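Asks: I have a structure here, written as structure tokens, and I will follow up with some questions on it.
The values are calculated or read from the model by the stated rules, or taken from the named source; none is laboratory data. Here the structure is a predicted model, which means the values were calculated and not measured. Quick reminder, even Gly has a Cβ in these numbers, built from the backbone with ideal geometry, and neighbours come from all protein chains shown.
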Amino acid sequence: MLQPRCQRTIAEKVSCSGVGLHGGHAVQITLRPERPGRGIVFQRRFAGELIEIPAHAECVVSTDHATSIAVGDARIATVEHLLASLYAMQIDNVVVEVDGDELPVLDGSARGFVDLIDEAGAYEQDAVCDVHAVCEPIEIVEGNRRIRIDPAPVLRISYAIDFDHSSIGRQTFEIEALDRAAFERDVAAARTFGFLEDVEALWRVGLARGGSLANTLVLDAEGVVNEEGLRFPDEFVRHKVLDLIGDLALLGMPLCGHVSVERGGHALHQRLVRRLRLEAAG
């Protein structure tokens, strides 16, 4: 079982900027230290007011190509890569100020957010961090998609994807115990990916307007278009693990359990997180 630890925040304020993947607009975010028990809270100005959006599953309003959270009409999209980095680096309390409606995509991975949190440093606080330990299995099945969590002493992840494309096919990846070292080594640099044939369809619904080869791993019928090629032979499934960790962060506390996923995505991840939120509250 995870050993009890103190809550942590960042040591100083830090900022970064970039373009939003789906909206295509320039955006800046600033991370500020926060008091114990506050959790991760996003802030943005909307209709002349400063709106706070807690990083909780109840605030998720969309899982269409990214995880979006909102309070009322004030929305912030594509929060999962930053949340995954904060979770893996054990930052429990922080305010994330956003000057738009989406987080910057950076290079399509979490590597830039890891560097940003490293720049800020970490500060241990005088409060114990609650942990949610799963006692009974939970399984959700949607056709050939499945997500399950079983009791385990740490957060263990097993993920499988299956795409009808020669460059992907079936890929599996496992993390025996998620910690900062495993996240930085195995997951953080894995980029978001998409298919060239889908780009125009995404544009028609107002998505992927900020996408480029600088921030997305793109595949055409022949293979990977990016000159850099793959960062890992199985980069696609590793990115799915990155997304999962960011979605699990919306539980609002560290998790002990073995999460196994077959052909998952944000919507399926969030179904599990909502179940876990209810379990933790009960």
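Asks: Just one of 90, 125 is in contact with a strand residue (DSSP E or B) (Cβ under 6 Å, 6 or more places away or on another chain), under 16 Å from residue 8 (Cβ atoms) and part of a loop (DSSP other than H, G, I, E, B); which is it?
Replies: The unique qualifying residue is 90.
Asks: Which condition does residue 253 not pass, out of (1) under 24 Å from residue 5 (Cβ atoms); (2) modelled with pLDDT of 95 or more; (3) assigned to a helix (DSSP H, G or I), if it passes all the others?
Replies: Only one criterion is unmet by residue 253, namely (3).
Asks: Based on what the data block shows, is residue 110 touching a residue at least 12 places away in the same chain (Cβ under 8 Å), within 26 Å of residue 199 (Cβ to Cβ) and buried (at least 16 other Cβ atoms within 10 Å of the Cβ)?
Replies: Answer is yes for this residue.
Asks: Answer yes or no: is there a residue in the range 148-165 that is part of a loop (DSSP other than H, G, I, E, B), over 27 Å from residue 274 (Cβ atoms) and touching a helix residue (DSSP H, G or I) at 6+ places or on another chain (Cβ under 6 Å).
Replies: No; the residues of the range 148-165 include none that is part of a loop (DSSP other than H, G, I, E, B), over 27 Å from residue 274 (Cβ atoms) and touching a helix residue (DSSP H, G or I) at 6+ places or on another chain (Cβ under 6 Å).
Asks: With the structure loaded, tell me whether residue 259 is in a helix (DSSP H, G or I), under 20 Å from the mean Cα position of the chain (by Cα) and not basic (Lys, Arg) or whether it fails that test.
Replies: Spelling it out, it is not the case that residue 259 is in a helix (DSSP H, G or I), under 20 Å from the mean Cα position of the chain (by Cα) and not basic (Lys, Arg).
Asks: While we're on this one: In this structure, is residue 152 among the aliphatic types (A, V, I, L, M) and more than 30 Å from residue 223 (Cα to Cα)?
Replies: Answer is yes for this residue.
Asks: Pick out the one residue from 55, 77, 66 that is within 23 Å of residue 112 (Cβ to Cβ), within 15 Å of the chain's Cα centre (by Cα) and modelled with pLDDT under 95.
Replies: Answer to the check: 66.
Asks: If you take just the strands (runs of 3 or more DSSP E) that sit entirely in the range 35-77, which of them hold at least 3 residues that are closer than 22 Å to residue 130 by Cα?
Replies: Because the criterion is at least 3 residues that are closer than 22 Å to residue 130 by Cα, the strands (runs of 3 or more DSSP E) in the range 35-77 that meet it are 40-46.
Asks: So, one more: Would you mind stating whether residue 52 is acidic (Asp, Glu) and exposed (fewer than 15 other Cβ atoms within 10 Å of the Cβ)?
Replies: yes
Asks: Which of (1) free of Cβ contacts under 8 Å to residues at least 24 places away in the same chain; (2) closer than 19 Å to residue 63 by Cα does residue 275 not meet, given it meets every other one?
Replies: That leaves (1) as the condition not met.
Asks: Next question. Can you confirm whether the range 85-100 contains a residue that is in contact (Cβ under 8 Å) with a residue 60 or more places away in the chain, out of contact with any Gly (no Cβ under 9 Å at 6 or more places or on another chain), surrounded by fewer than 16 Cβ atoms within 10 Å (Cβ to Cβ) and closer than 19 Å to residue 26 by Cβ?
Replies: Yes, there is a match, as at least one residue in the range 85-100 is in contact (Cβ under 8 Å) with a residue 60 or more places away in the chain, out of contact with any Gly (no Cβ under 9 Å at 6 or more places or on another chain), surrounded by fewer than 16 Cβ atoms within 10 Å (Cβ to Cβ) and closer than 19 Å to residue 26 by Cβ.
Asks: Could you pull out the residue among 241, 273 that is surrounded by 21 or more Cβ atoms within 10 Å (Cβ to Cβ) and touching a Phe, Trp or Tyr at 6+ places or on another chain (Cβ under 9 Å)?
Replies: Exactly one of 241, 273 is surrounded by 21 or more Cβ atoms within 10 Å (Cβ to Cβ) and touching a Phe, Trp or Tyr at 6+ places or on another chain (Cβ under 9 Å), namely 241.
Asks: Within the range 244-258, track down each residue that is buried (at least 20 other Cβ atoms within 10 Å of the Cβ) and out of contact with any helix residue (DSSP H, G or I) (no Cβ under 7 Å at 6 or more places or on another chain).
Replies: 252, 254, 257
Asks: Could we say that residue 74 is surrounded by 22 or more Cβ atoms within 10 Å (Cβ to Cβ) and among the small types (Gly, Ala, Ser) here?
Replies: In short, no.
Asks: Can we say residue 160 is in contact (Cβ under 8 Å) with a residue 40 or more places away in the chain and not polar (S, T, N, Q)?
Replies: yes
Asks: Test residue 16 against the criterion of being touching a Leu at 6+ places or on another chain (Cβ under 8 Å), touching a residue at least 60 places away in the same chain (Cβ under 8 Å) and surrounded by fewer than 22 Cβ atoms within 10 Å (Cβ to Cβ), and give yes or no.
Replies: When the stated conditions are applied, residue 16 passes them.
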